[in-house]
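Remarks on the structure that follows.
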Amino acid sequence: MEIKMEFHYDDGCGNSICCTYWSEHLDSETIDKKYSKYDFLQVCYPKYVNIDIYNKYKEVLAYCEYDGRWGREAKSIDISLKQTEDEILEHMSKNTRYKVKRALERDGLYTELTVEIGREDMEEYIAFYNDFADLKDMRHIDENRVRALVEQGKYSISRCCDKTGKTLVEHAYYVDKEGGRVMLATSSSLFREAENSEYRNMIGRANRMLHFMDMVGFKKLGFITYDMGGAGDYNEELKAIADFKLGFGGEVIKYDAGFTIPLKYVRQADKLLENAEQYAGKKIVIYGYGQIGRYIAEGLKKREIADFIILDNYLNSIEGVTLCKDADLERMDSNTTVLFMTLGKSSFSKAVGKLEQMGYEGNRNMHTVLF
């Protein structure tokens with residue numbers, strides 16, 4: 001397997017996360033050998049992902065792209081930085097090229113590209129992005145992730161300012177120094193704060209100018225590929241963003257859908273499954289039919305353990321599986337029943353007292369995979 005970029009960090013909640021970008025020929029054996037120590041594995045923009053990953057983890061996969069699912073393509077746009085600056089401009093659409101040139105020649109703007117990010121740079125970037133996110137009702141930046149990328153030398157930021165020094169637009173990039181690739185990570189602006197259309201139009205030009213100047217800056221640093229950071233087209237907003245990015249030229253690159261595997265919970269579930277045969281003759285109840293509940297159910301089926309039922313108070317039916325509710329559990333004998341609890345911690349804390357009154361105890365007939 002080939003990996004183009006990889007980094008790892010702690011999410012602040014005690015979970016270790018490993019992220020890979022542009023991997024090729026990833027399979028489940030590699031995940032077992034290389035990534036088993038991590039709590040979560042995030043695979044972004046991979047190529048040629050082996051179907052055995054889906055067969056093993058299909059119940060727990062969370063997809064990275066909007067409306068992502070197994071077998072659905074993800075796309076991005078690569079712009080070659082081997083071109084001259086004039087060639088980069090020439091390959092842009094007429095409208096994009098005009099706006100870049102106007103910003104360069106008439107708007108009085110300037111740009112800065114920061115490769116070695118200091119503390120002040122980082123705090124300014126985070127504050128600017130979070131203000132932008134608030135305007136769009138988006139999540140704030142994942143600071144643990146960004147700080148880890150900076151520490152590992154895999155993140156750069158840039159900004160475009162007006163002649164008074166006010167920041168209009170900021171970009172951030174994933175940086176693969178060995179592969180000579182940079183990929184747009186975030187783009188934020190004051191567009192929605194602009195008081196009039198003339199100023200908003202200038203911010204639009206500033207954004208295009210910043211992309212071009214970033215290409216020039218990274219080219220001078222020896223990078224060979226400028227990746228526009230995705231080109232999804234699954235809704236109207238994403239199509240508009242993709243059209244904007246396509247205005248800069250480049251080649252559309254197709255990838256497999258990216259995904260996240262919660263390896264921490266898979267390990268816990270596998271431990272339950274490894275010991276499941278000792279409960280022969282007892283009724284196994286999977287309490288909660290979310291991702292981990294489905295994973296355990298499939299694991300029991302593969303082990304040909306058919307004597308299990310699902311308890312989920314929010315589902316009315318599950319094809320091919322017996323379903324029950326809390327009221328049904330009260331009529332079962334706790335001496336001949338084993339609970340596999342697959343709930344969020346808060347939900348479990350609300351239920352555990354009543355379950356203990358019914359005769360269920362941890363490490364005897366109640367086992368947990370809590371998230």
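A compact table of results
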quantity: Matching entry among V369, V321 (being open to solvent by 20 Å² or more (accessible area, probe 1.4 Å) and of a type in the set (V, I, T)); calculated: V321
quantity: Tally, over segment 233-255, of residues that are part of a helix (DSSP H, G or I), crowded, with 18+ Cβ neighbours inside 10 Å and small (G, A, S); calculated: 1
quantity: Among residues of segment 174-226, those that are small (G, A, S), more than 18 Å from Q152 (Cβ to Cβ) and touching a strand residue (DSSP E or B) at 6+ places or on another chain (Cβ under 8 Å), counted; calculated: 5
quantity: Scope segment 4-18; condition in contact with a helix residue (DSSP H, G or I) (Cβ under 8 Å, 6 or more places away or on another chain) and either part of a strand (DSSP E or B) or among the hydroxyl-bearing types (S, T, Y) (or both); matching residues; calculated: F7, H8, Y9, D10, I17
quantity: Pair list, Cβ under 7 Å, 6 or more apart: segment 244-261 residue among the basic types (K, R), other residue crowded, with 20+ Cβ neighbours inside 10 Å; calculated: K245/I77; K245/M228; K245/A231
quantity: Any hit, segment 213-224, residues being among the aliphatic types (A, V, I, L, M), open to solvent by less than 10 Å² (accessible area, probe 1.4 Å) and in contact with a Gly (Cβ under 7 Å, 6 or more places away or on another chain); calculated: no
quantity: Segment 126-151, subset assigned to a loop (DSSP other than H, G, I, E, B) and hydrophobic (A, V, I, L, M, F, W, C), residue most open to solvent (accessible area, probe 1.4 Å); calculated: M138
quantity: Filtered residues of segment 326-346 (kept if of a type outside the set (F, W, Y), within 31 Å of the chain's Cα centre (by Cα) and buried (at least 16 other Cβ atoms within 10 Å of the Cβ)); calculated: M341, T342, L343
quantity: Test: residue in segment 4-15 that is over 29 Å from V252 (Cβ atoms), free of Cβ contacts under 8 Å to residues at least 40 places away in the same chain, more than 17 Å from the chain's Cα centre (by Cα) and buried (at least 19 other Cβ atoms within 10 Å of the Cβ); calculated: no
quantity: First in segment 30-44 and more than 15 Å from D270 (Cβ to Cβ) and touching a residue at least 24 places away in the same chain (Cβ under 8 Å), second anywhere and aromatic (F, W, Y) and part of a strand (DSSP E or B), Cβ under 8 Å, 6 or more apart; calculated: Q42/F259; V43/F259; C44/Y21
quantity: Selected residue (criterion: modelled with the lowest pLDDT) from residues of segment 145-195 that are small (G, A, S) and under 16 Å from R208 (Cβ atoms); calculated: A194
quantity: Some residue of segment 156-179 being within 24 Å of Y21 (Cβ to Cβ), exposed (fewer than 15 other Cβ atoms within 10 Å of the Cβ) and of a type outside the set (G, A, S); calculated: yes
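The values are calculated or read from the model by the stated rules, or taken from the named source; none is laboratory data. Since we're looking at a predicted model, the values are computed, not measured. Neighbour counts are summed over all protein chains in view; Cβ atoms, including those assigned to glycine, are modelled from backbone coordinates with ideal geometry. Surface areas here come from the heavy atoms of the whole protein model, side chains and all, with no ligands, DNA or RNA. Shrake-Rupley method; radii C 1.70, N 1.55, O 1.52, S 1.80 Å.
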